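Read the figures in this text as sums done on the coordinates, not as results from a lab. The structure presented is a predicted model; accordingly, all values stated were derived computationally and were not measured. Methodologically, a virtual Cβ is constructed for each residue, glycine included, from the backbone with ideal geometry; neighbour enumeration extends over all protein chains shown.
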Amino acid sequence: MRVAELLAPFPRFGSPGHLRDVRALFDRVVGPLPAGVKVVGSNGKGSTAAMLSAALEALGYAVGCYTSPHLRAVGERVVIRGVAVPDMALAGAIQAAARGADGLQLSAFDVLTAAAGRLFSAAGLDVVVWEAGLGGRLDATRVPPGDLGVLTSVSLEHTAVLGDTLEAIAVDKAAIVGGRLVHAPVPPGVLAAVRRAHPRLTLVAADEPPAPDLHLRGPHQQANAACALTAARLFSERRWRSAKAQRAVQGCRWPGRFETVRRDPVELIVDVAHNAAGLAAVAATLPDDKPLVLVFGASEGRADAAMVDAIAPKAAHVLYTTPRHKGAPAASLVPFHPGEVVDPLPRALEVAIRRAEALGGRVLVTGGLFLVAEALAVLEGRAMPEMLW
C-alpha cells in the first residue's frame, strides 16, 4: 500500500496538547533510541541535517537521519548509515505505527515520525539527526531523546501557527530541546526573546569555520555548514577531529539545493526554496555572467509578492507554471511580476531551455519542493514520486 494511503486517516496537523499522545505512540511502537540532535529553522534545515549527519559519520558514528519532504522517493525521509530505507520498509513501519495509534489524537506527521523512530531503533545506531517538520514546541520530533539542537535561521513563515513575529517564531522553534542550541547569526532581539522564554537553554553561536569549497553552493550554505560542524563538535566531544568533519561536510550532497542537474544544451539549476528568504539566498548565489530564464511555480497558499520579488528581477524571461501537486495557479503569479504563463511544467521546461539556448543563458527552476520534484521526474524520464500533504 502507498504511504499516502496509510497516512490518509490522520489529519495533517495535531491538536493542542497532542504531544502526550505522540509520547504514548512512541512508548507503544518504538524501541530504545540513541541520543538525537534536533534541527529547526525557517530555511536550511535539510542541508544542515545532511551535513551534520555526514560529519558524525566521518567521526565514526552510526547515524540515522530524518528529514522532510522528499524529492524522488518517500524513503529518502529516513536514512540509516547513509542509505535511504526502501519505500516498502517505511510503509511497513507506518502500518505498525498506525496500529498503535488506537485512541490517540495524532497527525500524519506524528505517525510518520514514530515509524521512523521504529526503524532507527531496530538499526543499532549511535545517534539520530531529526529535522523538525513545523516549528518546535508542538513538533513530533520533540519527543525522541536529545538535548542538543540547531537553529539554522528565522524568517516569517507559518505565522498562523508559529506567531507573526521573528521573536515568536524563534521561541517556538527553540522549544525543541532543553539543553544546548547552536544557532546561526540571527537578530539580537530574537536571541533575547529565546533567552527569556527558555532560561535553562544554553545558546551557542556557530563558531566552527565552514569547510572551504563546499559542494553545496551559496553563502547560506556556509552558515549551515558552520552550524553543522559546531553541533558535531559539541556532540562528539573527545572524538572530535576537525579535519575529518570538514572533509565530510565539504563533499556533502543534498539534492535540489542550487543543484545543476543538466549542462547540455544549457545549464539547468533547480532549487527547492519556498519562501522569500530562501529565494533571496538563491538570488544571492546566482552568478551574473549569463542571462537567466526563470521557471517559477509555488504551492497553493504559499505564493506571494515577496517570493516573486526576491527572484524574478534576476531573470531576462519569467515563465510561471502550475506544479501538478497542490500548485498555485500560474496565472495568479502574474500580478506580482510580469511573466508568461506556460503550463504544464514539461512544456515550460521545453520553452525555457529553448530560450536560454538562444540567449546563451541558463535556466533556474524554483519556487518549492513539489515543483522541483516534478521537474526532476520530467528531466529524468520517470514517474512523479508519491508526494505527501
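Here are a few things to note about the model shown:
- Alpha-carbon centroid distance for the pair the range 158-219 / the range 352-375, whole angstrom: 32 Å
- Trypsin sites (Lys or Arg not before Pro) restricted to DSSP loop in the range 163-271 with at most 12 other C-beta within 10 Å: R200, R253, R263
- Paired Rg and Dmax values of the chain, which use every Cα atom, in angstrom: 20.4, 61
- Within the chain, helix-based [θ] at 222 nm, where runs of 4 or more DSSP H residues each add -39,500 (n - 2.57), nearest 500: -12000 deg cm²/dmol
- The shape of the range 259-380 comes out rounded: with a ≥ b ≥ c from the C-alpha gyration tensor, a/c is under 1.5.
- Packing-based exposure ordering (other Cβ within 10 Å, fewest first) of V29, V83: V83, V29
- Counted by neighbouring Cβ atoms within 10 Å, the residues M387, M307, M88 run from fewest to most as M88, M387, M307.
- Mean Cβ neighbour count within 10 Å, used as a protection proxy, ranking 104-117, 371-384 highest first: 104-117, 371-384
- Folded to 0 to 90 degrees: helix 219-236 orientation relative to the chain principal axis, Cα: 20 degrees
- Note on the chain: with a GNM built from Cα contacts shorter than 10 Å, the maximum mean-square fluctuation among D102, D21, D172 falls on D102.
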